[in-house]
Structures are given as structure tokens and as C-alpha cells.
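Chemist: My structure is below; once you've seen it, I'll send some questions.
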Amino acid sequence: MADLTSNLAGISSPNPFWLASAPPTNMGSMIERAFDAGWGGAVWKTIGEPIRNVCSRLSSIDGSSTQRMIGLNNIELISDRPTEVNLREMAQCKRKYPKHALIASLMVESNREAWHDIVKRVEDTGADGVELNFGCPHGMSERGMGSAMGQVPEYAEMVTGWVKEACSLPVIVKLTPNVTSIIAPGRAAVRGGADALSLINTINSITGVDLDTLIPNSNVNGKAAHGGYCGPAVKPIALNMVSELARDEFTQVPISGIGGIKDWRDAVEFLLLGSTNVQVCTQVMHYGYRIVEDMIDGLNNYLDEKGFASVNDIVGLSVPRVTNWSDLDLNYHTVASINHDKCIQCNLCHIACEDGAHQCIPLVQIGDKRFPVVDETECVGCNLCSLVCPVPDCITMVSLEDRGAPMTWHEFTNGDALVQATTEDHGGISNGHAITSAPVGTPSEVVHGSAS
Ligand SMILES: Cc1cc2nc3c(=O)[nH]c(=O)nc-3n(C[C@H](O)[C@H](O)[C@H](O)COP(=O)(O)O)c2cc1C
Ligand code: SF4
Ligand code: SF4
């Protein structure tokens with residue numbers, strides 16, 4: 001069995017699975033049950049100024065029958081329990097579970113004394129670290145806290161600096177995804193002294209409108225406000241932001257990856273893209289603390305199968321595989337291949353390719369049935385047919401051998417010689433479109449023969 005112990009900026013935990021700051025970490029007794037179930041760490045539900053919540057406060061987007069809640073929206077604020085109660089329970093919990101990571105999530109008014117005061121009180125509990133909630137996008141942000149901090153790099157840097165002045169514990173800054181680029185707030189937090197970054201908090205959203213009452217979700221006595229979106233639906237956004245920070249030379253601190261993690265596979269993806277550990281909220285709200293058992297087993301099996309001795313060995317392994325579009329190989333070319341033995345003739349691939357791609361899956365009479373057949377000379381390898389096909393492994397994407405030497409956009413736009421090389425490599429044909437006559441200087445026509 002591989003070693004699952006994890007260390008985020010000096011905070012160690014028996015495994016990389018932490019509960020994110022949210023309802024599952026609302027109080028000591030809940031976190032103790034979670035630790036007993038196997039969670040390696042927990043970030044306490046954000047504590048700070050006294051608040052009052054509204055009712056209702058959750059709404060969701062339905063997925064499939066196997067996972068009903070794929071996207072969750074909330075307008076809940078930070079903890080509605082008195083700070084002294086939270087801190088007392090934190091101290092008790094830490095005493096009882098000395099090997100688990102216990103982190104205090106914090107949010108107070110933007111003044112130095114308030115931040116100094118709260119971190120000193122947290123230190124007295126024996127907690128392992130603090131996480132600054134610069135991400136909550138609703139309610140608290142209207143009062144100048146939460147994402148109001150995370151959206152302004154100067155504020156994020158300043159407040160992180162205040163905390164670092166007073167805090168001897170590792171400081172994690174939790175970022176909001178509600179920004180144009182995650183790089184600026186990430187760099188600002190690091191400049192302020194952050195020991196680690198965590199992301200993502202929730203994404204501004206409205207999940208829908210009741211067509212009878214005309215009231216958007218969640219209905220609070222006839223009105224609604226935007227909330228924060230999370231759950232499996234947000235994973236791609238979170239993965240991208242994590243990888244952006246992992247690639248950036250000015251944000252080289254450990255990352256705690258959050259957003260849409262539902263099983264060990266999702267967790268491994270976050271680790272591969274640069275997270276040192278992961279935090280989970282929605283999936284626990286949906287299925288309970290015990291999901292961590294499968295996460296631990298799955299991660300263990302994966303590491304054993306791949307021959308990794310420790311979970312730390314896979315952190316960031318896929319980061320060098322993420323690049324800018326302009327560094328991708330323009331000559332890499334795949335085409336769809338349909339296995340007629342598996343095909344159930346639903347025609348979804350034909351329709352998708354006709355109306356959403358490149359009209360290259362005609363239906364052809366073969367024996368007494370009409371089968372979809374790919375015209376490889378026209379297929380641009382977009383993947384759409386394989387994505388819509390309901391039968392596993394029925395449509396696979398096959399790499400063409402005679403595609404020519406790898407060539408990036410930068411190389412392609414460097415001059416006539418390279419364009420000429422492309423012409424020769426493809427025998428004058430690219431995706432069925434003649435490119436020999438394409439004028440140099442209009443490269444998009446040369447590559448695809450159509451607008452991208
Ligand atoms: C009901 C609810 C309350 C939350 N409260 C907090 C909070 O107090 N502090 C915080 O930093 N994040 C809070 N979050 C955000 C989560 O910690 C997490 O960043 C987000 O849900 C993404 O993870 P997930 O996709 O696993 O749910 C809350 C999320 C939900 C759904
Ligand atoms: S990969 Fe795209 S272009 Fe090729 S057959 Fe499928 S849908 Fe059509
Ligand atoms: S989508 Fe798949 S199963 Fe349906 S017709 Fe196409 S290849 Fe066959």
C-alpha cells in the first residue's frame with residue numbers, strides 16, 4: 001500500500017482528503033464523525049462576525065439518475081454560531097484528533113486589529129492552520145468581505161499581510177473563481193505571504209426560475225439573490241484554475257484543490273494538475289462522510305497499480321502537459337472510427353456530425369441495416385460523434401500515421417517554408433480541402449478550410 005500521508009505547507013494529515021469549509025464542518029461533533037469515517041483533515045465552517053441566514057438557501061441542477069445533484073447553489077453565509085463556541089469545540093476536536101489536520105476558516109471586517117484578534121484566538125485552540133475566506137460570493141461580499149477581497153488583488157495582498165504579521169500558523173488563502181483571471185489574485189496572495197492557496201470557492205449563479213410563480217431559485221419569500229455554484233458541474237473550471245496557478249512561476253506555493261470532487265478519480269486529477277491535497281463539500285452533502293472510504297481505497301489502488309510509493313509522487317505530474325493553444329501540434333490528426341458490431345443504429349452520431357460538425361457520417365445500407373460510416377477524408381477529428389454515442393467504445397478516435405512532423409502555430413506563422421512543408425506532408429490535402437492554393441497569411445483557412 002502506498003503512503004497517503006500528505007503535507008500542505010507544514011500541515012500534515014493521514015491522507016490528502018479534507019472536508020471543505022461548509023455545512024459538513026459546522027461543528028466539532030460533525031468533524032469528529034468525519035475524522036472517524038476517514039477524512040484526513042477539515043476546514044471549519046468559516047467563523048467571523050455574527051450573521052443571520054435566510055431561508056431557503058439551496059437550489060440545484062439535476063443530473064442523471066446516478067447523481068441527481070450535479071450542481072449546487074447556495075446563499076448561506078458564514079457560521080451562524082458564536083465564535084467562542086466554535087473556537088472551544090475546535091480546541092476539543094484538535095485535542096482528540098492530534099494527527100488530523102484542523103483548519104480554521106476565517107472572515108472578519110477589513111481592519112488589521114480584527115484580523116490580528118481572530119488569528120490569535122485561533123492559535124490558542126491548537127488548530128493547524130488558518131484559511132482566509134476571500135471567496136464567498138454572496139451576502140458577505142456585499143459587506144466588503146469574502147470575494148470582495150479575492151477580486152481585488154491589492155486587498156488580498158494587504159489582508160494576507162495583516163494575517164501573516166500576527167499568525168505563527170500556516171496561512172492558506174482561499175480564492176474566488178469569480179474573476180477574469182485567477183493569476184492576479186493568486187500572485188497577490190503569495191506576495192502577501194500566503195503559505196498555500198486553496199481554490200475554488202463557489203461561482204456566481206442562479207440555477208433557474210419557477211415557471212409558475214416566476215420566482216428564481218432559491219425563493220426567499222418571493223425574491224431571490226444570486227448564489228454560489230459548486231458540485232460536480234464546476235470541476236472543469238476548478239481544474240483549469242488550479243493548473244493555471246500550478247504553471248505560474250509567481251504562485252509556486254502548495255495548492256489545496258477544491259471544486260466538484262466526487263470520487264477518487266476526480267481527486268487524482270486535481271493532484272496531477274498541481275494540488276497537494278483536495279477538499280470536498282457538495283459530494284459529502286449529497287452522500288455523507290462515508291464516501292471517503294472509496295476515495296481512500298481508490299487512490300491506494302491507483303497508486304499501487306501505477307507503481308507510485310507515495311501520493312506526493314503524483315502531485316503536478318500532468319502540469320507540464322498543459323500548454324498554451326499556440327504550442328499545440330497543428331499536424332496531429334485523428335479521425336472517428338465506428339465499430340459496427342457495437343452500433344445500435346441510433347443515428348445520434350450522424351445527426352450530430354450533420355448539424356454540429358462536418359457532415360461526414362453518412363448512413364450507408366449494409367446488408368439489411370443502415371449504418372453510420374465515417375468519411376475519413378472529411379473528418380476533422382473534432383470528437384463530437386464519440387461524445388454523443390451512447391454505446392461505450394463504439395466510436396473511437398484513431399490517430400493518423402501520415403500526419404507530418406509536429407508543428408505549432410508559432411512555427412506555422414513563421415514563414416512560407418513551413419506552410420509549404422504542411423502542403424507536402426498532406427499531399428496537398430488537409431481534411432479534404434486543398435491547401436496548396438491557400439494564400440500565406442490566412443493560416444486559419446489553411447489549417448481547417450473553415451472558420452474556427
Ligand atoms: C452550503 C454551502 C456553504 C458553504 N460555506 C462556505 C464557507 O462558510 N466558507 C467557505 O470558505 N466556503 C464555503 N462553501 C464553499 C465550499 O467550501 C467549496 O469551496 C465549494 O462548495 C466547492 O467545492 P464542492 O464542489 O466540493 O462543493 C460553501 C458551500 C456550500 C455548498
Ligand atoms: S469526429 Fe467530428 S467531424 Fe469527424 S465524424 Fe465525428 S463529428 Fe464528424
Ligand atoms: S451514435 Fe453510436 S450507436 Fe448510435 S448510430 Fe452512431 S455509432 Fe451507432
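Chemist: Check Val391 against each of (1) surrounded by 12 or more Cβ atoms within 10 Å (Cβ to Cβ); (2) out of contact with any His (no Cβ under 6 Å at 6 or more places or on another chain); (3) modelled with pLDDT under 95 and name the one condition it does not meet.
Modeler: Answer for Val391: the failing condition is (3).
One line per residue, one yes/no per condition, for (1) within 18 Å of the chain's Cα centre (by Cα); (2) surrounded by fewer than 22 Cβ atoms within 10 Å (Cβ to Cβ):
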| residue | (1), (2) |
| --- | --- |
| Ala189 | no, no |
| Thr202 | yes, no |
| Gly222 | no, yes |
| Gly231 | yes, no |
| Glu249 | no, yes |
| Gly257 | yes, no |
| Lys262 | yes, yes |
| Arg265 | yes, yes |
| Gly274 | yes, no |
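Chemist: Can you name every residue in the range 315-366 that is of a type in the set (S, T, N, Q) and more than 30 Å from Asn277 (Cβ to Cβ)?
Modeler: Ser326, Asn331, Thr334, Ser337, Asn339, Gln345, Asn347, Gln359, Gln365
Chemist: Scanning the range 332-346 for residues that are closer than 16 Å to Glu376 by Cα and aliphatic (A, V, I, L, M), which turns out farthest from ligand 3 (Cβ to nearest atom)?
Modeler: Across the range 332-346, the extreme among qualifying residues is Val335.
Chemist: Could you count how many residues in the range 143-168 are in a helix (DSSP H, G or I) and closer than 19 Å to Ala104 by Cβ?
Modeler: 11
Okay, residues lined up against (1) over 17 Å from Met285 (Cα atoms); (2) part of a strand (DSSP E or B); (3) not hydrophobic (A, V, I, L, M, F, W, C):
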{"residue": "Trp18", "(1), (2), (3)": "no, yes, no"}
{"residue": "Ala34", "(1), (2), (3)": "no, no, no"}
{"residue": "Val54", "(1), (2), (3)": "yes, no, no"}
{"residue": "Glu76", "(1), (2), (3)": "no, no, yes"}
{"residue": "Ser79", "(1), (2), (3)": "no, no, yes"}
{"residue": "Glu84", "(1), (2), (3)": "yes, no, yes"}
{"residue": "Arg88", "(1), (2), (3)": "yes, no, yes"}
{"residue": "Lys94", "(1), (2), (3)": "yes, no, yes"}
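Chemist: Of the residues in the range 326-361, how many are in a loop (DSSP other than H, G, I, E, B) and more than 10 Å from ligand 2 (Cβ to nearest atom)?
Modeler: Residues that pass the stated criteria total 15.
The values are calculated or read from the model by the stated rules, or taken from the named source; none is laboratory data. Here the structure is a predicted model, which means the values were calculated and not measured. Note: ideal-geometry Cβ built from the backbone for every residue, glycine included; neighbour counts use all protein chains shown.
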